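Have a look at the structure below, then the notes.
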Amino acid sequence: MKYNVPPDMKSDGCSFPGILKLFKKLLGADKYKDYCVEHDFLRRYDVIDWFDANKLLAKRIAGEGLAGKLRCLFYLLFTTISYPWYSGTERLPDEYREYASTYNNKWK
């Protein structure tokens, strides 16, 4: 699936709350920031199902070599377990519909 996120999308990148912040470097958060921004876009505006967004994040990370293959399971587990705390969605702005349509035809 093509990566297509609005250039003005606001995101903190890969979120690691609490003690997990200690593991950001070990888990390559800086390397995967674009994928995390994409995940935030997909989740914030409910572009695709939340678990599909989690799987896409993990798939993109797994494509980043051996380190990505080893780390992707953590990202999938964390985003799935933390879903209740990050489940709020917003109305998709009209100017983002074109970006959303890349992921899901319901926005065309």
message = Tell me yes or no: at least one residue of the stretch 40-49 is more than 21 Å from K2 (Cα to Cα) and loosely packed, with under 14 Cβ neighbours inside 10 Å.
response = no
query = Within the stretch 58-81, which residues are closer than 28 Å to R97 by Cβ and either among the acidic types (D, E) or touching a residue at least 24 places away in the same chain (Cβ under 8 Å) (or both)?
reply = R60, I61, Y75, T79, T80
key: Search result, residues across the stretch 1-45 that are of a type in the set (S, T, Y) and touching a Ser or Thr at 6+ places or on another chain (Cβ under 8 Å)   = Y45
note = Subset of the stretch 1-16, residues within 21 Å of K55 (Cβ to Cβ) and open to solvent by 50 Å² or more (accessible area, probe 1.4 Å), comes to M1, K2, Y3
query = out of contact with any Cys (no Cβ under 8 Å at 6 or more places or on another chain) and closer than 18 Å to T80 by Cβ, is that true of D8?
reply = no
task = Specify which of the listed residues (L73, L56) is open to solvent by 60 Å² or more (accessible area, probe 1.4 Å) and either charged (D, E, K, R) or at pLDDT 95 or above (or both).
result = L73
Options D52, D46; residue that is among the charged types (D, E, K, R), part of a helix (DSSP H, G or I) and either within 24 Å of N104 (Cβ to Cβ) or free of Cβ contacts under 8 Å to residues at least 24 places away in the same chain (or both) = D52
key: Residue ID - least open to solvent (accessible area, probe 1.4 Å), chosen from residues in the stretch 76-108 that are in a helix (DSSP H, G or I), over 29 Å from L26 (Cα atoms) and aromatic (F, W, Y)   = Y96
key: the stretch 18-28 - residue that is touching a helix residue (DSSP H, G or I) at 6+ places or on another chain (Cβ under 8 Å) and within 13 Å of F78 (Cα to Cα) and, of those, surrounded by the most Cβ atoms within 10 Å (Cβ to Cβ)   = L27
inquiry  = Looking at the structure I just gave you, is I19 free of Cβ contacts under 8 Å to residues at least 24 places away in the same chain, β-branched (V, I, T) and assigned to a helix (DSSP H, G or I)?
reply    = yes
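The values are calculated or read from the model by the stated rules, or taken from the named source; none is laboratory data. Just so it is clear, the structure is predicted and the values come from calculations on it, not from any experiment. Quick reminder, even Gly has a Cβ in these numbers, built from the backbone with ideal geometry, and neighbours come from all protein chains shown. Ligands, DNA and RNA are excluded from the accessible area calculation, which covers all protein heavy atoms including side chains. Shrake-Rupley method; radii C 1.70, N 1.55, O 1.52, S 1.80 Å.
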